[in-house]
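Below you'll find the structure, written out as structure tokens, and then a few comments.
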Amino acid sequence: MNANEHIEAHESAVKHVTGRALYVDDIPEWPNQLHVATGKSGLAHARILKLDLSAVRACEGVVDVITYADIPGDADVGPVYGGDPLLVDEVAVFVGQPLFAVAATSLHAAKVAVEAAIVEYEELESILTPQAAMQASSFVLPEKSFNRGEVNAAIKAAPNKLTGEQYVRGQEHFYLEGQVSLCVPDEDRGVLVYSSTQHPSEVQKLVAGVLGISLREVAVEVRRMGGGFGGKETQAAGLACLAAIFARRTGCPVKFRMPRQDDMVQTGKRHDFWNRYEVGFDETGLIQGVTMDLAAMCGCSPDLSEGIVDRAMFHADNSYYYDSSRITGYRCKTNTVSNTAFRGFGGPKGMIAAESMMDDIARQLGMDPLDVRKANLYREGREVTPYGQTIEQHVLPRLLSQLEASSQYRKRREEIARFNKSGSHFRKGLALTPVKFGISFTSKHLNQAGALVHIYTDGSVQVNHGGTEMGQGLYTKIGQIAARALGVSRSRILVTATRTDKVPNTSPTAASAGSDLNGMAVLDAINQIRDRIINFVAGHYGCSPAEVSIEDDVVKVTEKTFQFEEIVKLAYMNRVHLSSAGFYKTPKISFDFQKGVGRPFYYFANGAAVAEVIVDTRTGEYRVTRVDILHDVGKSLNPAIDIGQIEGGFVQGMGWLTTEELLWDGSGALISNSAANYKIPTAYDVPEEFSVELFDEENSEETIFSSKAVGEPPLMLALSVWCALRDACASIADYRFSPPMNAPATSEEVYRCIRLARTHLQKVKTND
Ligand code: MTE
Ligand code: HPA
Ligand code: MOS
């Protein structure tokens, strides 16, 4: 493959950096436009005894105030199971939950007004951690398990066993553009909604629901988001619904843009997980049996937690064959904001348990963790996952060997061993970790997509599809796909804003499946028009369709050639339909959740990373000095964008595992509620040496131009950093002790592990 093939800059790159890209908040305001703010619960769990809003109504600029009773239609905006009232009815279930909403002539006026409310509460008992929820059997949904073999017997019979446990904190999305919606009422009952959402069709559905009108009366438009990362799959809808209610009540356009702090407090995040495991293994590190208990802090309602914990369970094997296993997922109900999708969708939480277990086994046996990982990789003869899907394309054994060589893992391991014996206050750590990530929504019906393609009489082409652009480059890839499929230059193609009245009933742009699904739907639409044109030309010139081709903007008919627009015009004059809707549904997938077996994923995306860190053992401070990544995107649709996704995903994963510490206080209030006390990675945190390569192998399944999804999987490559930090700490105890590290591995957490390793070493020495 030509390495530069299909490289193309993001369609909005110049607009992004020059500030000309329009986001919802950039849309010019109407003279009568109103702005929304919400009044919030001050307690984690409380009955509302009194809500006196008279002072709020009297505030300057306030035009309208609503409570639960004013919601005209369905007040529940829960995406799958419900449980998410737009405004509190009687009982508030987390700190920050909206009790009422205000529409005012400016955002400032609205923010000032909400503070004037008088609220009286009867405080109720609250549950604030997954551990407490497990103790109290407080769940948003029932537990599920995948069971294979006689796992207890297998662990008992194994020559070695160990148990492990870790607490893995959640993550704030910190999209640069916060949650925002703008609703414009129409002349009848409907509204047009501009929303920063990954799921326009769901915003449409929920807005129609709260207004008590039909779906056809609501249109949702999304040109782009300034980042979504899963945080705008369900959480964007509430803003649109409140703005829509005010728009209908007042007849004015209404914008609801959440200030950053409200966004951090009021919208869901990545789940905290409390993971426990028990494993039995032989002298070579080969796993004989595993049990894993994954307990997620879902918050106050189900939101997407069913699927998120399912995906954690589907990735509790990461890349390893478990033989006998029991993997159980718990969906803990807590009095905190309802947690939601975040890049990886539960996958990272299952994988960290697997990776931490690999290190534990290595320390117990005195092996290099890479050897334990390699021994347990899926391969021929050991290829069936705990949920019954067979791994058909074995990418990882070859990918790992290639990365091991290109990163000079063994040589560096020796150098680091020498360095760590040198008596310095600094310790170095190294880890190579793989990722295998299942591609498909685990809710089967979401694996469908639609597209709408128009060719105009000047030969220019408009492409619309159900996916949304959040910076990941979907529109760029779709433009490239359309040009390639039609045989015309990229400059003819315009990908237009996503709209529910152009392509209906769409799935969220999520599960990394945006280009897989929408790319195929666009291909379908284009193939239909292309066939129509070719058949018409063949009939017109009296040749067979096989003698007509469209390539590089030129239509060849036997030995004659025409410019593409000439043929388009001719086709139009001869009444050929030059517009088409396309559709795609992913083949081969099905899963029986009762039995816990099936094929939930069409295929797997793979990758691996080697991270090296240096730790100051006096303070626990550290730097990530070098990272080498080899990642499998099949045949890349756009190597520049794919590498950008890998770099961005990796650094975002590093943030989750190192510096981003999501914390609540003892009363359930979020402490990490601003950029000042929640530390996302900066340019300075990017590894000094950072190499990203694409693995050269096409998808063995039929996908859009044999590519693979890229959006989420690279985030989990950052587990290599977490494992490398643990490796540096383990070196203090001569690599025979696996410090029980939680995540994120902040400097404080690393320092705690250093001290544990020292204590262990001391104990060993005293016993000798
Ligand atoms: N990249 C950017 N720049 N911004 C984002 O919000 N979201 C991620 C990933 N990459 C995101 C991103 C998530 S969570 C998903 S699921 C995918 O992009 C969604 O887009 P895709 O399916 O088109 O890859
Ligand atoms: N991934 C991401 N988002 C989702 C999924 C999934 O598997 N299912 C429903 N929403
Ligand atoms: Mo991504 S978490 O599936 O939006």
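The values are calculated or read from the model by the stated rules, or taken from the named source; none is laboratory data. Being a predicted model, the structure only gives us computed values, none of them experimental. All Cβ positions, even for glycine, are placed from backbone atoms using ideal geometry, and neighbour counts span all protein chains on display. Areas reflect the complete protein model, heavy atoms only, side chains present, ligands, DNA and RNA absent. Shrake-Rupley method; radii C 1.70, N 1.55, O 1.52, S 1.80 Å.
For the reader, a short list of remarks on this structure follows.
- Subset of 15/477; 15/635; 349/588; 349/436; 40/333 violating a 25 Å alpha-carbon distance limit: 15/635; 349/588
- Pairwise label distance in nanometres, residue 595 with residue 176, each label 7 Å out on the Cα-Cβ vector: 4.9
- Amide H contacts of residue 470 (H built 1.01 Å from N, under 5 Å, at least 5 apart or other chain): 225
- Short to long, the 10 Å bins of the Cα pair-distance histogram for region 49-94 hold 21, 45, 28, 6 percent of all pairs.
- Mean ellipticity per residue at 222 nm, deg cm²/dmol - from DSSP H runs of n ≥ 4 across the chain, formula -39500 (n - 2.57): -9500 deg cm²/dmol
- In order through region 295-303: 3J(HN,Hα) via Karplus (6.51 cos²θ - 1.76 cosθ + 1.60), integer Hz, x for Gly, Pro: 10, 9, 8, 7, x, 7, 8, x, 6
- Accessible-area value, residue 541, 1.4 Å probe, nucleic acids and ligands omitted, Å²: 80
- Out of every Cα-Cα pair that region 291-369 contains, those further apart than 19 angstrom amount to 40 percent.
- Mean Cβ neighbour count within 10 Å, used as a protection proxy, ranking 104-117, 556-569 highest first: 104-117, 556-569
- Computed over protein heavy atoms with a 1.4 Å probe, the carbon and sulfur contribution to the accessible area of region 307-357 reaches 34%.
- Region 690-768 versus region 436-511: alpha-carbon centroid distance in Å: 36
- Amide H contacts under 5 Å for residue 495: 463, restricted to partners 5 or more places along the chain or on a different chain, H placed in the peptide plane at 1.01 Å from N.
- Placing unit charges on the Cβ atoms only, positive for Lys and Arg and negative for Asp and Glu, gives the chain a dipole magnitude near 880 debye about its Cα centre.
- Straight-distance crosslink candidates among lysines, where the alpha carbon sits under 17 Å from residue 502 and sequence neighbours closer than 8 are dropped: 205
- Taking every protein chain into account, the 1.4 Å probe leaves residue 59 with about 30 Å² of accessible area, to the nearest ten.
- Of the residues 700, 319, 443, 491, ranked by 1.4 Å probe accessible area with the largest first, the sequence reads 491, 700, 443, 319.
- For region 477-490, putting each phi into the Karplus relation 6.51 cos²θ - 1.76 cosθ + 1.60 with θ = phi - 60° gives couplings of 5, 5, x, 5, 4, 4, 4, 5, 5, 8, x, 10, 6, 4 Hz, in residue order, rounded to whole numbers and with x for Gly and Pro.
- Total formal charge among the other residues, if their Cβ is under 15 angstrom from that of residue 253, Lys/Arg +1 and Asp/Glu -1: -3
- A dipole drawn for the chain from +1 and -1 charges on Cβ atoms has a positive end, and of 671, 142, 761 the residue lying farthest that way is 761.
- Order by protection proxy (mean Cβ within 10 Å, highest first), peptides 63-71, 163-171: 163-171, 63-71
- Taking a sphere under 11 Å around the Cβ of residue 96 and counting the other residues whose Cβ falls inside, with K and R at +1 and D and E at -1, yields a net charge of -1.
- Cα shape, region 1-54, gyration tensor, a/c 1.5 rule: oblate
- Applying a 4.7 Å Cβ-Cβ cutoff to the chain, the cysteines left without a disulfide-compatible partner are 59, 183, 241, 252, 298, 300, 332, 543, 723.
- Rg over Rh for the chain works out to 1.00, using Cα positions for both radii and the Kirkwood form for Rh.
- Packing rank of 262-271, 296-305, where each peptide gets the mean count of other beta carbons within 10 Å, highest leading: 296-305, 262-271
- Rounded accessible area per residue of region 351-492, 1.4 Å, Å²: 33
- Apolar share of the accessible surface for region 124-186: 51 percent from carbon plus sulfur atoms, 1.4 Å probe.
- 25 Å Cα-Cα reach of residue 560 towards lysines, excluding residues that sit fewer than 8 places from it in its own chain: 569
- Residues in region 509-526 carry Karplus couplings, in order, of 7, 6, 6, 6, 9, x, 7, 4, 7, 6, x, 5, 5, 5, 4, 4, 4, 5 Hz; the curve used is 6.51 cos²θ - 1.76 cosθ + 1.60 with θ = phi - 60°, and Gly or Pro positions show x.
- Euclidean distance of C-alpha centroids, region 310-343 and region 241-292, integer Å: 13
- Percent of beta bridges antiparallel (DSSP, the chain, rounded to nearest 5): 80
- Within the shell of other residues whose beta carbon sits under 14 angstrom from the beta carbon of residue 491, the net charge comes to -3, with Lys and Arg scored +1 and Asp and Glu -1.
- In range of the label at residue 187: residues from region 21-46 whose backbone nitrogen is under 16 Å from the point 7 Å along Cα→Cβ: none
- When the convex hull of its Cα atoms is viewed from all sides, region 347-466 shows a mean projected area of 13.6 nm².
- Distances between placed amide hydrogens fall under 5 Å for residue 597 paired with 592, all partners being 5 or more residues away or on another chain.
- Put 492, 484, 363, 20 in order of accessible area, highest first, and with a 1.4 Å probe you get 20, 484, 492, 363.
- Residues in region 86-116 reached by a label modelled at residue 136 [backbone nitrogen below 14 Å; 7 Å Cα→Cβ]: 92-95
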